[in-house]
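The values are calculated or read from the model by the stated rules, or taken from the named source; none is laboratory data. Note that the structure is predicted; figures quoted are calculated from it, not measured. Neighbour counts are summed over all protein chains in view; Cβ atoms, including those assigned to glycine, are modelled from backbone coordinates with ideal geometry.
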Protein chains: 2
Amino acid sequence: MSERIQPRTLKGFRDYLPEAMIPREWLIDTARSVYRSYGFSPIDTPALEYLEILTGKGSEETDKQLYRFQDHGGRDVGLRFDLTIPLARFAAQHIQELGIPFKRYHIANVWRGENTQRGRYREFMQCDFDTIGTESNSADIEMVLVVHDLFAAIGFEDFQIHVNNRRVLNGLLEKLGLAERSTLVLRALDKLAKGGAKVVSQELTTVAGASEGQVRDILQLATLRGDNSQVLAQLTPLLAGSETGERGLNELAEMVAALDATGIPSGRFGIDVSIARGLDYYTGTVLETFLEKLPGIGSVCSGGRYDNLAELYTKEHLPGVGASLGLDRLLAAMEELGQLKKTSTTAPVFLPFFAAAHRDDYLRLAANVRRAGIGVEFFPEAKKLGKQLQYADKRGFRIALIAGADELAAGQCQVKNLATGESTTVSAAEDGTAVIAEIRRILGA
Amino acid sequence: MSERIQPRTLKGFRDYLPEAMIPREWLIDTARSVYRSYGFSPIDTPALEYLEILTGKGSEETDKQLYRFQDHGGRDVGLRFDLTIPLARFAAQHIQELGIPFKRYHIANVWRGENTQRGRYREFMQCDFDTIGTESNSADIEMVLVVHDLFAAIGFEDFQIHVNNRRVLNGLLEKLGLAERSTLVLRALDKLAKGGAKVVSQELTTVAGASEGQVRDILQLATLRGDNSQVLAQLTPLLAGSETGERGLNELAEMVAALDATGIPSGRFGIDVSIARGLDYYTGTVLETFLEKLPGIGSVCSGGRYDNLAELYTKEHLPGVGASLGLDRLLAAMEELGQLKKTSTTAPVFLPFFAAAHRDDYLRLAANVRRAGIGVEFFPEAKKLGKQLQYADKRGFRIALIAGADELAAGQCQVKNLATGESTTVSAAEDGTAVIAEIRRILGA
């Protein structure tokens with residue numbers, strides 16, 4: 001080899017080493033098992049799509065970030081930049097065969113040529129679930145239940161699901177005769193958290209052309225605080241007489257009652273009239289999820305209801321509701337909170353290759369332990385025991401099975417707890433029954 | 001919407017609907033859990049790599065099939081076409097941090113602009129495991145054990161792992177003074193199955209320039225048959241005196257002894273001197289796996305030992321051994337053998353929305369069943385029961401929980417076995433204990 005190629009990844013892309021990949025796989029598994037427990041089914045779609053499919057509804061920003069090229073047949077193609085457009089295309093193509101309601105989850109990578117200086121990656125994983133083809137509020141309620149179960153299953157105690165309904169503000173604006181200026185109003189309200197009421201008030205007046213009374217009503221709605229029943233009570237007079245507003249209010253009230261009925265702790269769910277999520281896309285329920293200990297990272301799981309998923313591709317009217325888990329953001333948060341255990345092994349038990357002439361005895365012992373459903377890594381070379389235990393320590397094994405020639409001859413084996421250093425000598429006979437029991441005792445503790 | 005975009009996928013790409021995706025996820029999970037039980041750890045690498053990384057060692061064929069383009073920064077990039085080159089680049093880049101031996105699995109999509117007329121797809125999943133950084137035969141033996149456990153876990157009874165060692169033939173050729181013509185000899189031997197001994201004999205003489213005695217020895221080796229000890233016994237005199245050949249023979253003998261020791265059924269593993277796998281890449285053990293009931297589909301899991309994984313990217317000498325599961329081929333085989341259960345739901349239990357005023361009661365019941373670890377899909381709309389049960393039937397649920405307003409008022413619920421049509425009415429009180437017990441009884445049966 002005279003010239004070597006420098007091994008490197010592209011800017012904005014990254015390798016996942018075992019220490020990063022093991023918690024990532026765990027998080028994906030956890031999300032999948034929660035989605036599945038509600039009857040959501042997996043789908044997958046191609047990474048590459050016709051360019052016209054991807055750019056159909058894209059914003060200028062996503063179009064700019066799209067990885068696009070011509071394939072071998074001269075077709076204009078691109079790498080998907082989200083899982084929503086592929087879902088819309090998929091639903092338009094297959095909904096007759098699938099039937100409705102159609103509940104799917106999709107966990108897959110997407111690509112965007114983002115500016116990496118903002119700490120963004122150009123390849124990242126999305127983890128979405130949606131219910132398509134029903135307008136029933138049951139599906140909205142279920143979305144909140146799924147998000148709740150998901151964060152509970154991940155191990156969070158202190159998280160809050162904020163819910164709003166776009167019909168609440170829309171109803172008020174209809175009532176005030178400002179329905180056609182809703183985008184301008186939403187844009188002004190977006191500045192509430194940072195700029196405060198004064199800034200918003202000014203923009204509502206000058207840009208959205210709202211009167212003093214209209215500004216007061218809008219701000220009253222946007223700054224409502226209190227527990228769920230208080231918020232509902234305060235919304236009632238504000239929205240009275242608006243069909244849209246009353247429908248939104250009723251949907252929120254049904255949701256609150258249903259979540260109470262299923263025993264969701266009240267602190268984990270609240271109506272938050274300040275969240276809007278997307279100026280055009282969402283039409284009913286909107287949802288964001290915050291970690292109490294890390295409010296600064298923003299919402300780690302967001303979603304909502306939309307009116308018509310696939311209008312670009314089919315005349316079929318497909319309303320839906322769903323949310324997306326911010327996998328990478330959540331992993332970063334869990335790391336910051338110390339919720340991730342550092343390990344780079346997938347097997348709890350390490351078996352050093354101690355006595356060089358006894359490979360088959362070790363293999364037999366390992367096979368017995370594996371048959372009991374416990375993972376064992378057998379070191380491939382009969383190096384010095386200390387070296388092998390260093391390897392085990394670096395990777396984070398919990399137990400080592402240590403057996404020299406004498407022990408093997410006597411049908412025995414030491415089971416060593418690598419966290420405490422304690423070691424027990426047990427019989428290695430009878431298909432490893434005693435070894436397995438001692439491993440289980442340590443792992444269970 | 002005046003003009004709609006036709007929803008379609010690119011030629012050679014496909015959507016996975018739930019019915020196809022559910023067994024696919026199951027197979028991936030099964031592979032992962034077997035790999036993990038031996039201490040292999042997951043990694044992931046970017047879909048996009050620098051073009052020079054991907055074309056470094058590529059053959060003319062893979063280069064032609066490569067999806068390549070210029071990214072936003074004008075860099076020449078490509079989509080990975082296998083997981084071996086990314087592993088080589090990854091190992092070169094990170095091996096100091098990872099330490100050796102490094103055992104990884106990698107389950108991910110790759111892309112090749114193949115000719116789809118041969119029934120090939122342009123996006124498909126690879127499912128590889130490898131042990132890097134050791135020359136120990138333990139790692140080779142472990143590869144066979146992993147493949148065995150994998151096929152047993154998938155539920156196959158009749159599979160055969162064929163193993164050979166490249167050193168066996170190389171040793172004979174060295175002994176015969178034909179070492180430098182080994183590629184020509186291998187190419188001739190490749191025709192044995194189809195053309196028979198006569199064709200091979202002729203090509204060995206005319207193309208590889210072998211003498212009559214040499215042809216006889218080569219054909220004797222290549223046509224050895226019998227059980228493992230018979231094959232080993234016949235190889236011994238043929239290879240006597242060749243260091244390479246004796247080493248290969250010894251490695252095979254060690255492997256046979258080790259597999260016997262771990263209790264692998266003897267019919268599932270055999271030395272097969274006729275397999276070669278790749279003219280240059282593999283240097284020691286080679287492995288192929290066949291399904292007895294479907295020999296025509298060829299090897300569904302293949303691998304072997306290689307001398308130096310990452311020589312293009314690093315001066316570090318990294319020998320390794322590993323295999324790759326042909327996921328799509330295997331799924332097709334399982335479907336052909338009727339081993340895949342048709343279902344498009346991930347939850348066993350279906351809960352119709354029967355009495356419109358009782359949504360919260362249904363949600364509570366569903367939550368209780370889910371807390372017991374059993375998936376339940378609740379239908380979102382209070383449609384006619386018959387329609388809802390049609391939906392359940394189409395998707396393949398196993399159980400329906402049926403409760404009308406009267407039953408709910410009486411704290412009761414019917415648990416219906418959808419396979420047999422039998423139905424039992426049980427109490428829905430006390431967090432659904434009786435319902436859960438009845439579900440478990442049916443699922444366990």
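Tabulated values for the structure
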quantity	calculated
Matching entry among B:Phe151, B:Phe156 (being in a loop (DSSP other than H, G, I, E, B) and within 14 Å of the chain's Cα centre (by Cα))	B:Phe156
Residue match in segment A:55-62 (condition: more than 30 Å from A:Asp393 (Cα to Cα), at the interface with chain B (Cβ under 9 Å from one of its Cβ atoms) and not hydrophobic (A, V, I, L, M, F, W, C))	yes
Qualifying position, being of a type in the set (Lys, Arg), surrounded by fewer than 20 Cβ atoms within 10 Å (Cβ to Cβ) and under 30 Å from B:Glu142 (Cα atoms), among B:Arg14, B:Arg32	B:Arg32
Test: residue in segment A:235-248 that is of a type in the set (S, T, N, Q), at pLDDT below 95 and part of a helix (DSSP H, G or I)	no
Residues located in segment B:317-330, provided they are assigned to a helix (DSSP H, G or I) and either at pLDDT 95 or above or surrounded by 19 or more Cβ atoms within 10 Å (Cβ to Cβ) (or both)	B:Leu327, B:Leu330
Only listed residue being surrounded by fewer than 19 Cβ atoms within 10 Å (Cβ to Cβ) and either assigned to a loop (DSSP other than H, G, I, E, B) or under 34 Å from the mean Cα position of the chain (by Cα) (or both), chosen from A:Thr343, A:Thr289, A:Thr314	A:Thr343
Qualifying residue in segment A:172-183 (condition: out of contact with any Lys or Arg (no Cβ under 7 Å at 6 or more places or on another chain) and within 30 Å of B:Ala356 (Cα to Cα))	yes
Residue match in segment B:34-47 (condition: more than 22 Å from A:Thr343 (Cα to Cα) and more than 8 Å from chain A (Cβ to nearest Cβ))	no
Subset tally (residues that are within 37 Å of the chain's Cα centre (by Cα) and at the interface with chain B (Cβ under 8 Å from one of its Cβ atoms)) for segment A:377-394	5
Subset of segment A:148-179 that is of a type in the set (Phe, Trp, Tyr) and touching a Phe, Trp or Tyr at 6+ places or on another chain (Cβ under 8 Å) - its residue that is surrounded by the most Cβ atoms within 10 Å (Cβ to Cβ)	A:Phe151
Matching residues in segment B:15-25 - criterion: being within 7 Å of chain A (Cβ to nearest Cβ) and either part of a helix (DSSP H, G or I) or in contact with a strand residue (DSSP E or B) (Cβ under 8 Å, 6 or more places away or on another chain) (or both)	B:Asp15, B:Tyr16, B:Pro18, B:Met21, B:Ile22, B:Glu25
Test: residue in segment A:78-89 that is part of a strand (DSSP E or B) and farther than 30 Å from B:Ala392 by Cα	yes
Residues (over 21 Å from B:Lys387 (Cβ atoms), within 11 Å of chain A (Cβ to nearest Cβ) and among the small types (Gly, Ala, Ser)) located in segment B:337-376	B:Ala367, B:Ala372, B:Gly373, B:Gly375
Flag if B:Ser182 is among the hydroxyl-bearing types (Ser, Thr, Tyr) and buried (at least 17 other Cβ atoms within 10 Å of the Cβ)	yes
Conditions (1) modelled with pLDDT of 95 or more; (2) assigned by TED's automatic domain parsing to the domain that holds A:His94: number failed by A:Asn308	(1)
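Yes/no per residue for (1) crowded, with 21+ Cβ neighbours inside 10 Å; (2) at the interface with chain B (Cβ under 8 Å from one of its Cβ atoms); (3) aromatic (Phe, Trp, Tyr); (4) over 12 Å from A:Ala310 (Cβ atoms):
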{"site": "A:Glu52", "(1), (2), (3), (4)": "no, yes, no, yes"}
{"site": "A:Leu66", "(1), (2), (3), (4)": "no, no, no, yes"}
{"site": "A:His72", "(1), (2), (3), (4)": "no, yes, no, yes"}
{"site": "A:Arg75", "(1), (2), (3), (4)": "no, yes, no, yes"}
{"site": "A:Pro86", "(1), (2), (3), (4)": "yes, no, no, no"}
{"site": "A:Ile95", "(1), (2), (3), (4)": "no, no, no, no"}
